[in-house]
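Reviewing the structure listed below.
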Amino acid sequence: IEAEGVVFKECVSDVSLKGQGGALYVNMTEFEVKLSFTRCLFVSNEADSGSNIFIAYKNQSQRIGQESFLGCTAVTGISHEQDISVCFSVGNGSEQFIDERNILHSSWQKQKSENVVKFISHSDENHKFDSSIKCGSVSNPCDIFSSVIRYIEKERPTSDGSSGRVETLVYQKGKYESKVMTLSQTRADTINIVGCAMNETQLSAQPSFTNVMIQGGDGQSVIIERLNMSMQEIAPLVGFVNVRGSNAGLVLSDLIVRGSLGIQAHNSSLQPPYLFSVVGYAVVQNVVIEHVYLITGNILQVNGLRRIEGKKEMEWLGMTTPGIYECIFEDIMTNESSLIILHDSQQPSSSISQQSNNQQNNKQQSNTLSVNDKSDIFTIQDVFFSECVTSLKTSDQNQRGGLIHLHSEGLKMLITNSLIQRCIVHGRNMIYVSWMGNDETGTGAKVATIANTIIANCTAAIPGMKILSKQAYDTPTWEQYNELQQKMNSEHITNQLYADGNTVYDEANKHGLIFLESLNKGDSQGISPIHFEVSGIFVIGCHSAVGSGMSVTKLLMELTDSVFVVPLCYSNIIYLNQTLGTIDNCVLKGQNGTFQDPSLLTKIQLDEADSKDMCPNNAHYYSSSSYGLLYITQGQYEIDNVLFDESKVGSVRVDNGTAVLNNITFIESEMKEGSYYDGSQILIQCTGNSNVEVIEATINGKNEDDCMYIGNGGRNKQSQFNEEEDEEQEGQEEDEKECQFGIVQEKQCLVDVSELWKMRQMPITSLKSAKLIVNVSDIEEPLKFSIEGDKMVPTLYMVMIVELRKKTKEEIKNESETNKDYERKFFRSNLEYSPFKANDLSFKFVKKQYLNDYKVNLDDLPRDKSGHIIWPLDNATEMPVYERAIIQGVWKAEFSMRDYSWLDTRNYIYGVLGSNDQVTFTGENAEEEKSIELDIEILEGEQFVNFYIFQNIEIWIWIIPFFAAGMAQPYMKGRNISNFMNDSLSYQNMMEFARMPKIPDERQHLLEIQIPGDRYTPKSLKSQTYLHTSSYQSPSSPYSSPSDTLSTYAESLRSRLDELEKREQSLYMNQNSPQNRKQSFHLQYPLQEQGTLNEQLTQYMANVQPVTVDFSSIPSNSFQVRGIDWGQTGPPATLGVSQTGLNKLPEDLLVLQQRQERLMGNMSPKSKTMSSYVVKPKKYY
């Protein structure tokens, strides 16, 4: 049966068909029938079942699909008509099946007339589009959306809505490129846009000023079905759909969404702000979004999320709640954007960026919200995420979750029956859920539920990130650094955030693969009484800085029947902060050196060397053994029936919290002889003011009843690791190993555990090497320590730095000879590499072991006679220095310090010791007080290097011989100096004249030239008029070479000297003209006494030719040349040339400097060309 462009209207089922099939009845029990209906319309047909179509099948294999009714739709007036629009039976026909809407499309709202349905199709030989004829019908479809609107605007809307509007747009087969479709022009409250099928109709955007292809009207709901929506390179900024308004809604069904054909992730130019955006509610079902590569932009933004009761624009939704159902998100890449943003609000804003501004207002209005209302649920069900990659800024509070970001102000969220695999988020969280509703009305309600979901091979981590202690990021310096860090991130060059490789510092308690938190103030403990439930989830091969499974903050949390196994790194799996939580019937298995990919069924065996690292094969990811598999802090927790298997970083850590561990099972393999100590033996770590109660524990198959208490007189729980093993226990060593309980605790921590267990002794650490990298220009980590050794216990490991010995004079001399290159490196202004100005921060030295901040500008430091910085200062931190270290893997400890006031590497060699109990410090070969020498590398820090300072002699020492040789020669050869003047002035008159105000030189601009290498103009120079400098680091062209810049400088200097020489010659000729000659005075200096040392020195100097001094190695902004008045000729031409990177001094600069010297001599106060006055020399008797 073939039909094209047919209207089936007001057909009634024949009596012989028993009320089946109003417009079409197909009997396939006896015949094989192929159906092909194209661009057909079914209107007001009647039957008891199958009002439009009824098909009787002989068997299930005969059933037809969408391809049998391409581009067809039905007009239905009530929901029952839609349910019975297409029906079928199988076999003897005793059973009939209804609701086959997927075969024959019908609108999502009531429709009364076929006039509200318009068709769009490409022209062909049989259907030529004629713009002069009204289009949109099945027999004469329009060519584009604007053609439909052109005729609709000519119609007068009727009161019953049967004409003068468009409610359904049906696109036929083919590819359609559309400019912006302003749906308000359709005059309908709800508009359906439907294609033939996902693979038959493609809709793409053309460039538009609105940067959106489909723009909904205010409060208008939009349904898009059976289409393929693709992006195009010609419209890189254009998204697909934007819907907003009171109770506006967006329904996406049976769609394929793709990026631009031929574009890959590395060359994408697509950066729309979003693909789909709705202020209202959204229902997304059976949608495939794949191969989308964006520079930036979200896939889906929904602000509001709620449907208002009583609104019937899309009544066919029925009881379907807003959500995402049976969708696939695969091979998607974006940057600085969450894929899905869901923001619950009673007053939804028009843009995501305005959400944070409305949060407080919405919070005040949330008293009326009921979290128990069934309609206020957003569901994510049967959703598949695969190979999605994105990144997020840590400063962006509106986008915290890379895949899903949900903010609730009363809305409930359900994630169930979903699979997330191979997704990478360069940010803190993959799934983020926050609560900001009313705590009082929502008390006890379950706001979020995550159930029956698998997460495999996913990461939410910032490459190159480091975690700072809480004391560090509570300081003002942290706030300033965070602002600077975000500014640098906002100015990144590549389209991938964090691609510059710079270290990013952040807080641990903001991280987690799944992150649940309350943003409210909470009760007296800071906890909101809102339940978040996680049940039946399976997490494998994932990673986050902490919370590689999940993190929860300031909520009531229930975790049940879940499995977390084999994280990607040796890391924490569950991070609970300020929470009232229960964990029941769960499994936590640590990283054990092998990894099983359930989808690829491949096993990766790590090398022995790699297995020692915290994150094997992913060294750029942060991970730490300081938190254990389960970290709980500042709350109360009940942990029942939990299995901890091969933790590698310790099983449980309680930090300033209360925990009850009931029926807990630990499985930890014993250490082999010669193997590294990896922390597996530490089952419970208790720190701070904590209380831990252990009830019925099982360790490697042994419980309390299997063990006998060994000892004589009990055990002191506070010093259990410091006990000496009784000699009587030597014969029972094997039994003891099976009944040992590894517990680490600080003094203020209380652990209640059965005395049937014997406490495991603390191992003695040994060190193999220690290295320090000094970089005072690093804001957060001026001192970076790396220590290698064995048996280093996480959490409690302490390092002591001592002065090993004082350096000998020979060692200092050898270092100075070796460090000749440091002279040029360190003779730069500290301003050059300091991101803060000297006055931005104030610092105070305190004599204690832990110093929050320490930074100083080199210009503020005192120097000795040789020019070296005096260091350490008098109020430096006292030795020895103690610091907690973070254990990385099984063989390395790392830590950093801001306080470097104690460090004196010019005079001392330092050693390092380690301790697990903070009492006994050992070093090489685990021997007490035998420290490992600290290997120190200086990257930045002049005060820590021994080197010769060639320029430590004041600059005038180099200038004096030049002036002395130039001036002594005419004196000693008997030449007379003649000066011409109108009147002889007394010394007093001359001084009075000198104090008179001077008239500015109109040719002052000639002095304003750029000095090579002068990067900054100090305040001391800015106030002087004889020299003006500009930034050498910002040439007119970004590709200018040092030689080009020097050529420009030389040409400017040459022009200035030419001008000065012309002025000098003009003045000399004017003064020697006959009319200006008055009277000459001949001054005869006293003769030197013959035979004296003065005569010999004078004769020598008189015959010495002046030597041009090379000033190229002196930086132009060096403190040694600041404040010098160079006169009208300016500073020496060779000053600062080495800063440009040239190794050889150009000859033309030396020639220019010789010209400067000649002019300088002529312009000196005793010069005949510039002198205006003659001062009679005093006679000394």
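Quick note: the coordinates plus some simple rules give every number you see, no bench work behind them. This structure is a prediction, so every number in the text was calculated from the model and none was measured. When we count neighbours, we look across all protein chains shown, and the Cβ atoms used for this are built from the backbone with ideal geometry, even at glycine.
A few points about this structure:
- Here's how it looks for GLN888: its modeled amide H is under 5 Å from those of ALA893, GLU894, which are all 5 or more places away or on a different chain.
- Using the Cβ-Cβ distance between PHE538 and GLN96 with R0 = 35 Å, the FRET efficiency computed as 1/(1 + (r/R0)^6) comes to roughly 0.30.
- Difference of contour (0.36 nm per residue) and Cα-Cα distance, GLU878 to LYS1144: 91.1 nm
- Couplings 3J(HN,Hα) for the stretch 390-395, derived from phi with the Karplus relation 6.51 cos²θ - 1.76 cosθ + 1.60 (θ = phi - 60°), are 7, 9, 9, 7, 5, 7 Hz, where x marks Gly and Pro.
- Pairwise FRET efficiency - GLN271 versus ARG156, Cβ, R0 = 51 Å, nearest 0.05: 0.75
- Taking each residue as 0.36 nm, the span from GLN264 to ASN452 lengthens on full extension beyond its C-alpha to C-alpha distance by 64.3 nm.
- Cut-off 15 Å between beta-carbons: net charge of the residues surrounding HIS405, Lys and Arg +1, Asp and Glu -1: -1
- Placing dummy labels 7 Å off each Cα toward the beta-carbon, the span from GLU1061 to GLU670 is 9.3 nm.
- With both labels modelled 7 Å from their Cα along Cα-to-Cβ, the ILE1124 to LYS747 distance reads 6.0 nm.
- Residues of the stretch 87-104 with amide N under 16 Å of the 7 Å Cα→Cβ point at ASN27: 89-94
- By average C-beta atoms within 10 angstrom, highest first, the peptides 930-941, 333-344: 333-344, 930-941
- Look at PHE119, PHE54, PHE209 and count the other Cβ atoms within 10 Å of each Cβ; fewest to most, that gives PHE209, PHE119, PHE54.
- Spin-label model distance (nm) - ILE133 vs ASP48, 7 Å beyond Cα toward Cβ: 4.3
- Over the stretch 2-106, Cα pairs under 8 Å with separation of 6+ residues give a relative contact order of 27 percent.
- FRET efficiency for GLU894 and SER16, using Cβ-Cβ distance with R0 set to 60 Å, rounded to 0.05: 0.10
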